[in-house]
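Single-structure report; data block below.
The values are calculated or read from the model by the stated rules, or taken from the named source; none is laboratory data. All figures in this text were calculated on a predicted structure; none of them were measured in a lab. Don't worry about glycine lacking a Cβ; one is built from the backbone with ideal geometry, like all the others, and counts go over all protein chains shown.
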Amino acid sequence: MKKIALAAAALMAATSALAQSATESTGVNSVLGVAPKTEDFVMKASASDMFEIESSKLALQKGNDATKTFAQQMITDHEKTTMELKGLIDGGKVKGAPVTALPEDHREEVDDLAKLNGAEFDEEYIDDQVDAHEDAVDLFRRYAAEGENADLKAWAAKTLPALEHHYKMAQDLDKS
């Protein structure tokens, strides 16, 4: 009987953890303006950085001059935030694990970009950047406002202005 009760408790805890992640992954938290759990924030922020870096490396090869300039800044800035987040985790200030490989949806976007050239590449890359930065600004804004880890919350608040600037730059490129 004790084993059944322990198994049921473990299942409920696992289900609860999955439900929390599901609200973040489905966008419910974003719609409601609810901060993500620390583990969700770490995963999403690191996946976003990885996507920015990988897609921007392609842009350095395939983009026009304006796209290449933007892409180089994305690589530089997102490598910096990747290292800062890793430092918070390695220093024990934040619990969670960054992603070590691009999630499937980001991998598909990068693979699709790799098939494009010229103006078609630039247009899709910039569209992806606008979407990615809109999501990142939302994620960081919510965590900076109500995140559960004080160190990570402060880092999110410190990083947010750069992400907002990236978003504006991407929007401006999208208009040109």
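Structure notes:
- Close Cβ contacts (under 7 Å, 6 or more residues apart or on different chains) running from residues in the range 155-169 that are under 13 Å from Val130 (Cβ atoms) to residues that are modelled with pLDDT of 95 or more and small (Gly, Ala, Ser) comprise Leu163/Ala136.
- The combined condition, being under 18 Å from Asp127 (Cβ atoms), modelled with pLDDT of 95 or more and out of contact with any helix residue (DSSP H, G or I) (no Cβ under 9 Å at 6 or more places or on another chain), is not fulfilled by Thr76.
- The set of residues in the range 110-141 that are of a type in the set (Asp, Glu) and closer than 17 Å to Leu160 by Cβ comprises Glu134, Asp135, Asp138.
- Among the conditions (1) surrounded by fewer than 14 Cβ atoms within 10 Å (Cβ to Cβ); (2) among the charged types (D, E, K, R); (3) in contact with a Lys or Arg (Cβ under 8 Å, 6 or more places away or on another chain), the only one that Glu39 does not satisfy is (1).
- Those residues of the range 102-153 which are more than 13 Å from Glu52 (Cα to Cα) and among the hydrophobic types (A, V, I, L, M, F, W, C), in sequence order: Ala114, Leu116, Ala119, Phe121, Val137, Leu139, Phe140, Ala144, Ala145, Ala150, Leu152
- Residue match in the range 57-71 (condition: assigned to a loop (DSSP other than H, G, I, E, B) and either modelled with pLDDT of 95 or more or under 17 Å from His165 (Cβ atoms) (or both)): yes
- With respect to the conditions (1) of a type in the set (S, T, N, Q); (2) outside any helix (DSSP H, G or I); (3) in contact (Cβ under 8 Å) with a residue 40 or more places away in the chain, Thr100 lacks only one, and its number is (3).
- Selected residue [more than 14 Å from the chain's Cα centre (by Cα) and of a type in the set (D, E, K, R)] from Glu134, Glu120, Glu104: Glu120
- Within the range 139-152, the set of residues being part of a helix (DSSP H, G or I), buried (at least 18 other Cβ atoms within 10 Å of the Cβ) and either in contact (Cβ under 8 Å) with a residue 60 or more places away in the chain or aliphatic (A, V, I, L, M) (or both) comprises Leu139, Phe140, Arg142, Tyr143, Ala144, Leu152.
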